[in-house]
1. Roughly how many nanometres apart are two label points built 7 Å out from the Cα toward the Cβ at Ser54 and Thr83?
2. Please list, ordered by chain and number, the residues whose modelled amide H lies under 5 Å from the amide H of Tyr34; skip anything fewer than 5 residues away on the same chain.
3. Using amide H atoms built 1.01 Å from N in the peptide plane, name the residues 5+ places from Thr142, or on other chains, whose amide H lies under 5 Å from its own.
4. Could you sort the peptides 13-26, 72-85, 96-109 by per-residue average Cβ neighbour count (10 Å cutoff), highest mean leading?
5. Show the residues, 5+ positions off or on another chain, whose built amide H is closer than 5 Å to the amide H of Ala88.
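What follows is calculated from the coordinates using simple rules that are stated; it is not laboratory data. Just so it is clear, the model here is predicted, and its values are computed rather than measured. Glycine also receives a Cβ, built like all others from the backbone with ideal geometry; neighbour counts cover every protein chain displayed.
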Amino acid sequence: MNDSILIPTDGAETTDAAIEHGLRLAAKTGATVYALYVIDMPQLGVANADEGLSGLVDLLEEEGKAATAAVAERARGYDVQVTEAMEAGVPFREILDYADDHDVSLISMGTGKHGRLESYVVGSTARKVSRLSECPVLTVRTTDERRRRSTRTSSFR
């Protein structure tokens with residue numbers, strides 16, 4: 001069914017349910033899993049980078065390592081191998097490029113919590129990936145109830 005599943009993560013709780021769904025699918029289908037963290041360089045204004053900004057980038061790289069390592073740690077419970085990766089750039093573009101470069105058959109990603117105005121002006125990364133991806137995209141919205149359930153052991157396994 002799915003040869004490989006890409007799970008983009010930013011380490012936030014809004015990605016927890018999508019990580020869980022992606023790992024469950026991988027366990028059932030034998031798919032390879034890629035955990036991807038994208039450093040949002042345009043958001044940082046890297047074009048005008050100075051010494052202070054390089055420290056921020058280092059901090060974000062550490063955050064990215066922790067986020068992808070958390071996916072790999074959770075994957076051990078499903079006996080699923082995970083390849084951890086980090087890219088820098090525009091998040092939706094980096095996710096799409098990574099999926100294309102690695103011939104990903106499914107992307108499992110969470111949807112963030114944005115207000116209407118922010119979502120309209122900035123746009124949702126998940127929405128852009130869903131519209132532009134050549135492979136299916138599973139988007140999972142995190143609600144307070146889903147967040148509570150994901151911390152308990154699931155009988156879905």
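1. Going by the 7 Å Cα→Cβ label model, 3.1 nm.
2. The list, which skips near neighbours in sequence, is Ile5, Leu6, Ile7, Thr83.
3. Residues meeting the amide H criterion: Thr111.
4. On the way: 13-26: 21.8, 72-85: 15.6, 96-109: 19.1.
Answer by packing, highest mean first, reads 13-26, 96-109, 72-85.
5. Hits under the 5 Å cutoff: Ile39.
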